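For reference, the structure discussed in these notes is given below.
The values are calculated or read from the model by the stated rules, or taken from the named source; none is laboratory data. All values derive from a computational prediction rather than experimental measurement. Every residue, glycine as well, gets a Cβ built from its backbone with ideal geometry; the counts of neighbours run over all protein chains shown. The area values use the complete protein model at the heavy-atom level, side chains included, leaving out ligands, DNA and RNA. Shrake-Rupley method; radii C 1.70, N 1.55, O 1.52, S 1.80 Å.
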Amino acid sequence: MDDEEADLREQIFHNNVREQIIFLLLFILLYLFSFMLIEKFRRRDSEDFYSVDEEEVKVYRISLWLCTIALAVSLGSALLLPVSIVSNEVLILYPNSYYVKWLNSSLIQGLWNHVFLFSNLSLFVFLPFAYLFSESTGFPGYRGLKGRVYETFIVLALLGVAMLGIAYVISAWFEGDSSSIEALLSLWTYLPFLYSCVSFVGVLMLLVFTPLGFVRLFGVVSAVLVKPQFLRDLNEEYYVYSFEEDTLRRRIQTSIATGAGYISPEPMYPDNGDISAPINPDTSISKDKTVMSPEEKETPLLRLRNGALQAGLNERLQKIVTLRKEVENKRKTSSLQRNVVYPLAMLLLLALTTITVLMVLQNTLELLIGIKALPLSTRQFTLGIASLSKLGWAGATLEAFLILYLHAASLTGLATPMRALHVLPRARRTPLTRIIALCAVLLAHSTAQPLLVKILGITNFDLLGEFGRIEWLGNFRLVLLYNAIFAATVTLCLVRKFTASVRRELYNRFKWIADFFTMPEETPTVSPNITRVSAEKTLTVDQVVPNTIEENAEHLKSD
């Protein structure tokens with residue numbers, strides 16, 4: 001009996017050591033990937049990293065390490081459900097394989113517990129400490145990092161007391177008389193409650209940005225892949241932009257070499273940035289015109305002189321070069337990629353979005369009927385017993401892809417307001433404070449992702465650990481309303497995306513018909529000046545003739 005107990009203890013010890021080694025290896029991989037990601041975006045100048053003061057360099061490095069830990073935890077939280085689903089299917093397919101014996105329920109349960117613990121620590125300790133530590137100046141009387149560390153810990157402790165007080169007030173407001181002084185003294189119970197509040201805010205954020213991301217993903221794929229060019233001649237566009245680029249380069253070289261501050265002869269095209277723009281004679285230089293109309297307050301390129309002319313030509317040249325490179329890349333793309341890969345990618349996005357909406361509608365109906373339980377769960381889940389999908393491993397793989405697709409869509413939707421607010425990270429130009437803020441947003445976003453997937457009923461995998469004990473997940477009205485709003489917003493966004501051009505064209509046609517029938521019978525008299533201007537605007541390209549040599553000579557004399 002003693003030998004059996006010793007063997008059992010030894011087996012438990014070895015299993016625990018193996019699990020901790022696996023957790024450490026996973027954390028190292030996620031940390032290295034997060035570090036490379038932050039290294040790509042962080043700013044490298046004297047204000048951040050390359051400082052003369054060695055103390056500032058140490059503070060920057062410590063804060064950057066804490067941000068990297070938070071980003072690694074957010075990546076691990078985003079991969080929790082897909083890894084758990086795939087692990088369950090692998091154990092079902094290969095139950096007696098020697099190579100997957102290390103994959104068990106204890107490992108997955110420990111992974112969920114570690115992610116929950118480090119999510120709380122990163123959100124409430126590491127990131128606030130990194131920000132306060134980078135902004136601290138130190139107490140007087142202490143030299144080096146000691147004064148800054150003391151100041152950071154004191155400010156962080158005061159912030160923690162304030163947060164616990166707010167959590168106690170919110171808990172007393174929700175629970176009523178059940179909250180007492182004894183509950184106030186048990187500080188550890190408020191950390192899951194604070195995390196529950198943060199996760200609720202994250203789920204609401206996902207409700208707004210995920211439907212928007214579904215629509216934005218179509219635009220992102222269109223920007224990455226080359227569209228089919230059925231009605232365009234790419235060779236012709238490439239030659240047009242190439243000729244325009246050569247012309248602008250010659251004009252710049254002539255202006256620099258001779259010091260001339262004008263363009264002679266005047267180009268036949270206006271300065272609208274587009275070669276195929278309609279002709280507007282008002283943008284050209286005219287000897288008779290001495291008074292400018294109010295509509296012509298913006299100085300076009302052809303009226304610029306001296307250095308302003310060279311700057312305008314250089315700006316126009318950069319636009320033409322960008323357009324020429326874009327068309328050149330489209331020319332180099334194979335017809336297979338243009339005509340097959342792009343439609344398949346669009347159909348794949350549409351199919352994944354449609355499947356997601358149908359699964360959300362099915363989950364809503366099952367909640368109404370009572371077939372499906374609420375996502376709140378406290379029971380232990382054992383891996384390798386049964387498949388999570390009725391379609392077996394294929395359905396489980398589809399669920400994993402849908403979870404990753406939801407995550408990508410929500411990140412794409414989140415990038416839209418961040419781009420409008422000019423807070424998106426830029427390569428090698430993002431300061432430390434912005435990196436800390438972005439890591440906090442990504443952490444709140446990633447930790448709410450498993451809750452979103454479970455609320456929408458994308459998978460039947462139960463939330464393990466403290467994730468399944470979040471109290472607001474047991475509110476039937478809240479979960480049902482969330483499903484209904486999500487399905488409605490995604491459907492409306494897709495309909496608006498694919499029918500916007502049709503609706504705009506129908507509106508223009510109806511408006512034209514209405515204007516035609518409401519047109520007055522007697523046309524008002526038009527002044528000769530307006531008639532002359534309208535007649536001038538109907539000129540074609542063949543009727544616009546460049547200046548002759550005599551006119552150029554008169555320009556030189558007048559200048």
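Solvent-accessible area per residue in the stretch 1-153 equals 59 Å², computed with a 1.4 angstrom probe and all protein chains kept.
Computed in the context of the full set of protein chains, the accessible area of the stretch 51-182 at 1.4 Å probe radius has 68% of its extent on carbon or sulfur.
In this structure, LYS40 and ALA351 have a Cβ-Cβ separation that, at R0 = 51 Å, corresponds to a calculated FRET efficiency of about 0.95. Ranked by the mean number of other Cβ atoms within 10 Å per residue, highest first, peptides 72-80, 165-173 order as 72-80, 165-173. If you plug the beta carbon distance of MET163 and VAL201 into 1/(1 + (r/R0)^6) with R0 = 22 Å, you get a FRET efficiency near 0.95. Each residue of the stretch 103-117 is assigned a 3J(HN,Hα), and the resulting list reads 8, 9, 5, 5, 5, 5, 4, x, 4, 5, 5, 5, 5, 5, 5 Hz, derived from the Karplus form 6.51 cos²θ - 1.76 cosθ + 1.60 (θ = phi - 60°), x at Gly and Pro. Our note on the geometry: Cα centres of the stretch 352-411 and the stretch 424-450, 28 Å apart. As a calculated quantity, the FRET efficiency between GLU5 and ARG429 at R0 = 45 Å, using C-beta atoms, amounts to about 0.15. Largest accessible area first, the residues HIS407, HIS114, HIS422, HIS445 order themselves as HIS422, HIS114, HIS407, HIS445 under a 1.4 Å probe with ligands, DNA and RNA left out.
A simple rule links phi to the HN-Hα coupling: the Karplus curve 6.51 cos²θ - 1.76 cosθ + 1.60 with θ = phi - 60°, which for the stretch 13-26 gives 5, 5, 5, 5, 5, 4, 5, 5, 5, 5, 4, 5, 5, 4 Hz, with x for Gly and Pro. Modelled spin labels at LEU93 and ALA394, positioned 7 Å past Cα toward Cβ, are 1.4 nm from each other. Taken per residue, the accessible surface of the stretch 329-478 reaches 49 Å², heavy atoms only and a 1.4 Å probe.
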